[in-house]
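The values are calculated or read from the model by the stated rules, or taken from the named source; none is laboratory data. Note that this is a predicted model, so its numbers are computed, not measured. In this analysis, Cβ positions are derived from the backbone assuming ideal geometry, glycine residues included, and neighbour counts consider all displayed protein chains.
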Amino acid sequence: MHTSGVRGPFDLPGALKDAGLVAGIVVLLTLGLVGFRVQDISSGPALVTRFDDVAAAAVLAFAGRLGIALLRAQRPLPVLVAALACAIGLTLVLSHSALAESSGLAQQILPFASPVVNWTIALAAWVLGARAAWLLWHAASPLDAQAREAREARMDRLGARVQDWARYVGPLLLGIAVVLPFLPWIDRRLLDIAILVVTYIMLGWGLNIVVGLAGLLDLGYVAFYAVGAYSYALLALHFDLGFWICLPFAGIMAAFAGILLGFPVLRLRGDYLAIVTLGFGEIVRIILLNWYTFTKGPDGLSGVPRPTFFGLPFSANPPEGEASFHSFFGLEYSPLDRIVFLYYLILGLALLTNLFTLRIRKLPVGRAWEALREDEIACRSLGVHPRNTKLTAFAIGAMFGGFGGSFFATRQGFISPESFTFIESAIILAIVVLGGMGSQIGIVFAAILLIGLPEVFRELNQYRMLAFGLAMVAIMVWRPRGLLAHREPTVRLSGAPRSAAAPAQETRA
Amino acid sequence: MGYFLQQLINGLTLGMIYGLIAIGYTMVYGIIGMINFAHGEIFMIGAFLSIITFLALGLVGVGWVPLALLIVLVATMLLTSVYGWALERVAYRPLRNSPRLAALITAIGMSIFLQNYVQLLQGARNKPLQPVVTGGMRFLEGGEFAVSFSFLQMLIILLTLGLMAGFTLLINRTAFGRAQRACQQDLGMSALVGIDVDRTISLTFVTGASLAAVAGLMFLLNYGVIDFYIGFLAGVKAFTAAVLGGIGSVPGAMLGGLLIGLIEAFWSAYFSVEYKDVAAFAILVLVLIFRPTGLLGKPDVEKV
């Protein structure tokens, strides 16, 4: 691939025309929605114009496109100079924004009003500059098709290796997860994020049974999550049952919901199934929203009981004559105790899901799921009943969703239909697919990436979901089969070689 | 009788809007076999561009309603179709030969992105617009329920019928239409006989987006208020309509849209308003169980 370092002729007018075209499209895209803003004032809606933002976007698009064209044609030097000048200038102005603002410099130099967008542009300039520098050094284009294929193959090998290492990486991650609450720099906020991430890992593993193993595209997984949460909340509020009794009930309820939905629709294929499950998720949410006498509708259910440690509550002042967790064990009361307990609770549930998945893949039913995913007709001719087999996968996936839901209810203490919108299903599905379908460890990384990172950067509040959507697109365009996509056959004929390279070869075609 | 007639008119108007969005779904599904999940957001962007154009025209001082409507219609269709084009170019084209699930995830990602993009730029509160087209006709004044058929509803129905006629001509008579139908049958074969497949797919997205833009404009005029979240539900219902009519079939999408609109109107009138969305989804499930290819769809034969 180092042969591509030869400098071809550079078509400057062509590149300028192309960059101009891109800038024109950016103008058309931004003219309406960026150029005007509908402002609500007392006398009705009014327009505010921001044409300077449109102009800035167009100029940046022009410069960026031209820079990429130059890089493709092996001319990194001008790009390096321009990009570094931009990057250093922007970074300096942005990091001394208070000073620059007072002198009126900021308004003249910064392309946009929002600092987040400006920082993003500075970052892009740094990346472009780094690319150019790398090119100067190595004299090989990172952008051509050959390099892209080489990168794909590299990532495939990495995926295979991570799968191979899973038996070492897994316990290592598990070790980190177990000692996490006792690490010195862990505070309440980080622990809350960890709980959230592990919750999504568990849901991802649960959905993986349906999507990854059985190959059924489920866009309404959140419905089972909701069924689990409401089952626990309603049972606990009406019958005064504890968390540990309700947990299996919630799982069973969710599994029943799965069977109820699955029975009529599981003979549909692919996208149809996806859209019906999406509809089902919405139906569940609408019913929760409107059946006021049963679910309290949009007001939600509050006062959902907290979990207890074998009957010992985590409260500072337990009722007279009863012990609480800290008094029973003679510890100092700490509000963190409950959070740590919740963390271990969800970690335990997640590990249960994982263990279950790993073991069931070796059972006939698990093998039947994977076989069905690959070829339904072949399965039918071999005597596997497609609907019943899919139904088990659906029900079991739903059951784990239900467990996750009752954990959610007990953690929040309050649930309302608002927590169970389609976006949740989309996020869980994104975790499964981005991680590389069927890869248990990939789901862990995807959940950390998609849930953990945005939570850490909560200050970027309003840009969070924007970046989330963009990241989903970018990762998929970059690695269409998922970050760590690599599938080892679960069962092999005795004596068959363990090859790491073969699957990568075959799936790239 | 009067009440029934009124619901029929309301349902037809609603159905026209769903039908226009459904065409975009059905065409894209027919040509590249993916659910363009972000199509609902394209509709929403169309609605936002409409309200912006209306307000901008107000600033410039174009007061004559038919002229304003015409300018808004053209501007919205043009600008929204650029979004449709860019969506395909950026998010779907690189994934054309990838697993279908990848394309679906990108589509969901794009949908989330576009929703937040609009929310960020235009704010999360709903945007109201004063009624532009007012007045109407009233029937059965003497009966217990007077039926009103507003000029706006007439405009929506007539405009949709006109667009449908134009669109049918486009698909049946023009070179692009021929290429589009050929690509629906077989992408690889079309490329072999010299059809520019990339261009055809791009144009498919552009046409779908411009029809969705018209639907957005109609939604804005009909309800008078929009927010950044309208794309999701309308999109899902329009997809339901496309499936109901038989996905891949353009007349089917229109028929499905009309049926969904009528079902929704009658359900809210005679049963309950709260569960009108449940009705649409329940119909979808029933259709898929008893007639999985939809009303006008061709049965697809599975080969081993």
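Details
- Restricting A:304, A:265 to those that are in contact with a Gly (Cβ under 6 Å, 6 or more places away or on another chain) and at pLDDT below 85 reduces the list to A:304.
- Residue ID - surrounded by the most Cβ atoms within 10 Å (Cβ to Cβ), chosen from residues in segment A:227-266 that are out of contact with any Leu (no Cβ under 9 Å at 6 or more places or on another chain) and part of a loop (DSSP other than H, G, I, E, B): A:242
- Test: residue in segment A:342-360 that is in the same structural domain as residue A:182 (by TED's automatic domain parsing), surrounded by fewer than 18 Cβ atoms within 10 Å (Cβ to Cβ) and over 26 Å from the mean Cα position of the chain (by Cα): no
- Residue within segment B:30-40 that is under 30 Å from residue A:50 (Cα atoms), modelled with pLDDT of 90 or more and either in contact with a strand residue (DSSP E or B) (Cβ under 8 Å, 6 or more places away or on another chain) or in a helix (DSSP H, G or I) (or both) present: yes
- The set of residues in segment A:151-170 being at pLDDT 75 or above, farther than 18 Å from residue A:446 by Cβ and either touching a strand residue (DSSP E or B) at 6+ places or on another chain (Cβ under 6 Å) or surrounded by 14 or more Cβ atoms within 10 Å (Cβ to Cβ) (or both) consists of A:153, A:157.
- Residue A:447 surrounded by 22 or more Cβ atoms within 10 Å (Cβ to Cβ), under 24 Å from residue A:170 (Cα atoms) and more than 12 Å from chain B (Cβ to nearest Cβ): yes
- Long-range neighbours under 9 Å by Cβ, at least six apart or interchain, first residue within 14 Å of another protein chain (Cβ to nearest Cβ) and on the phi > 0 side of the Ramachandran plot within segment B:232-255, second part of a loop (DSSP other than H, G, I, E, B) and polar (S, T, N, Q): B:246/B:293
- Single match in B:219, B:228 (criterion: within 11 Å of another protein chain (Cβ to nearest Cβ) and farther than 16 Å from residue A:283 by Cα): B:228
- The set of residues from segment A:361-379 being surrounded by 14 or more Cβ atoms within 10 Å (Cβ to Cβ) and over 25 Å from the mean Cα position of the chain (by Cα) comprises A:365, A:366, A:367, A:368, A:371, A:372, A:376, A:379.
- Candidates A:407, A:329 - the one that is in the same structural domain as residue A:290 (by TED's automatic domain parsing), over 25 Å from the mean Cα position of the chain (by Cα) and within 30 Å of residue A:185 (Cβ to Cβ): A:329
Listed here are the residues, each with its yes/no results for (1) more than 27 Å from residue B:264 (Cβ to Cβ); (2) of a type outside the set (D, E, K, R); (3) modelled with pLDDT under 90.
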| position | (1), (2), (3) |
| --- | --- |
| B:182 | yes, yes, no |
| B:185 | yes, yes, yes |
| B:191 | yes, yes, no |
| B:195 | yes, yes, no |
| B:201 | yes, yes, no |
| B:204 | yes, yes, no |
| B:211 | no, yes, no |
| B:214 | no, yes, no |
| B:232 | no, yes, yes |
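- For residue A:275: the one exception among (1) at the interface with chain B (Cβ under 9 Å from one of its Cβ atoms); (2) surrounded by fewer than 24 Cβ atoms within 10 Å (Cβ to Cβ); (3) farther than 21 Å from residue A:415 by Cβ; (4) aliphatic (A, V, I, L, M): (2)
- Set B:134, B:160, B:76: member being of a type in the set (S, T, N, Q), modelled with pLDDT under 90 and either under 20 Å from the mean Cα position of the chain (by Cα) or over 30 Å from residue A:437 (Cα atoms) (or both): B:134
- Count - residues of segment B:269-284 that are of a type outside the set (A, V, I, L, M, F, W, C), more than 9 Å from every other protein chain (Cβ to nearest Cβ) and in a loop (DSSP other than H, G, I, E, B): 0
- Residue pairs whose Cβ atoms lie under 8 Å apart, separated by 6 or more positions or on different chains, with the first residue in segment A:381-401 and touching a residue at least 24 places away in the same chain (Cβ under 8 Å) and assigned by TED's automatic domain parsing to the domain that holds residue A:205 and the second among the basic types (Lys, Arg) and crowded, with 18+ Cβ neighbours inside 10 Å, do not occur.
- The residues of segment B:201-249 that are of a type in the set (Phe, Trp, Tyr), part of a loop (DSSP other than H, G, I, E, B) and surrounded by 24 or more Cβ atoms within 10 Å (Cβ to Cβ) amount to a single one, B:228.
- Under the condition of being crowded, with 20+ Cβ neighbours inside 10 Å, over 19 Å from residue B:21 (Cα atoms) and at the interface with another protein chain (Cβ under 7 Å from one of its Cβ atoms), the residues counted in segment B:74-116 number 9.
- Total residues in segment B:49-73, condition within 8 Å of another protein chain (Cβ to nearest Cβ) and modelled with pLDDT of 90 or more: 4
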